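Undergrad: Dropping a structure here in structure tokens format, bear with me for questions.
Where a number appears in this text, it was derived from the coordinates with a stated rule and is not lab data. Bear in mind the structure is a predicted one, so any value in this text is a computation, not a measurement. Cβ placement follows ideal geometry from the backbone for every residue including glycine, while neighbour counts extend to all protein chains displayed.
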Amino acid sequence: MTADRQVPFYCPYCGEENLRPAGADGGDWECRACARGFSLKFVGVLHPVLPDPALRGRS
Ligand SMILES: [Zn+2]
């Protein structure tokens, strides 16, 4: 897992790829296809990463 945020590839509303960064602090994007603006925010790690049960006992 990388600490750096990756850029979104598709608009979550219309699915087009015509996204441009917006806002001063990053995380805001605007879609040139549907003219919607949206924000991406990290909210935390939701679940601990557990080893895959299928791989247990194999090493
Ligand atoms: Zn869009």
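Undergrad: Just give me the residues in the range 1-49 being in a loop (DSSP other than H, G, I, E, B) and among the charged types (D, E, K, R), in sequence order.
TA: 4, 5, 16, 17, 25, 32, 36, 41
Undergrad: Now a separate question. Considering only the range 18-33, state which residues are near the ligand (Cβ under 9 Å from one of its atoms) and surrounded by fewer than 13 Cβ atoms within 10 Å (Cβ to Cβ).
TA: 18, 32
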